[in-house]
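The next block holds one structure in the form of structure tokens; read it before the comments.
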Amino acid sequence: MTTNSIARLKITLDEVKPAVLRRVEVPLSIRLDRLHLVLQAAMGWTNSHLYEIRARDVGWGIPDPDWGGGPLDARKARLLDVIEDTGAKALRYLYDFGDGWEHTVKIEHITEAVPGLTYPLLIDAAGRCPPEDVGGPWGYAEFLEAVADPQHENHAEMIEWAGGPFDPNTIDIDDHAKAIAALAKAWSRKPVVKRKPAI
């Protein structure tokens, strides 16, 4: 493994049906705060809640100086270091501590980057991400039940809350790919070199 290597990750949203999964390729040198942004873009979350990435019994996220024992600073850890230091073959990604969305992030394989490609990169996607603030896996199951049944007492309310009809099997892969490509483009920009004025 080198810093030029990439990891293919399979991200599965735990405890929901139908299955919500993504495959992305990321540089092994990616910082965990940026990996969080990739996971947000891949899944379709809105990055409006706290998160934690865990490997074995160590967690990284946004540290809170007032909360002892909180997560380590995700800005100061790279995926490569986490894999080497913990020996983990999979990570846990917790998003929104209130709703408790847990994801399994399996490291499927590590290979060299393809010259000319910009990473991170979305490879595959299935299943639509649940709406934010729906109440976690159990709230999502109740939401799906309500939107699928026009006779359900909460059907109209849930359709309105969701902003229209909701099909958990329909996903716009292009939207997710574009969101990840935008991150890749932003992170691959070369620093601006200031030129000395001609005298």
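Values in this text are rule-based calculations from the coordinates and carry no lab data. From a predicted model like this one, the values you see are computed outputs, not experimental measurements. Cβ atoms come from the backbone with ideal geometry, glycine included; neighbour counts cover every protein chain shown.
Under a 10 Å cutoff between Cα atoms, tell me which one of H152, H49, H103 has the largest fluctuation in the Gaussian network model of the chain. The residue that fluctuates most here is H152.
Scan the chain and note any complete DSSP helix (H) whose C-alpha atoms cover at least 20 Å along its axis and whose Kyte-Doolittle average is -1.0 or more.
Details: long enough: 173-188 (22 Å, 0.24).
The qualifying helices are 173-188.
Taking a sphere under 9 Å around the Cβ of L9 and counting the other residues whose Cβ falls inside, with K and R at +1 and D and E at -1, yields a net charge of +3. Once both labels are positioned 7 Å from their Cα atoms along Cα-to-Cβ, the gap between L50 and L117 label points is 3.6 nm. Sequence neighbours fewer than 8 away in the same chain don't count; with that in mind, list the aspartates and glutamates whose C-alpha is under 17 Å from K185. Cross-link targets: E25, D33, D174, D175. A Förster radius of 30 Å, combined with the Cβ-Cβ distance separating I159 from T104, puts the computed FRET efficiency at roughly 0.45. Can you tell me what percent of all Cα-Cα pairs in the chain are more than 26 Å apart? Taking all Cα-Cα pairs of the chain, the fraction more than 26 Å apart is 39 percent.
With contacts taken as Cα pairs under 8 Å and at least 6 residues apart, region 118-169 reaches a relative contact order of 35 percent.
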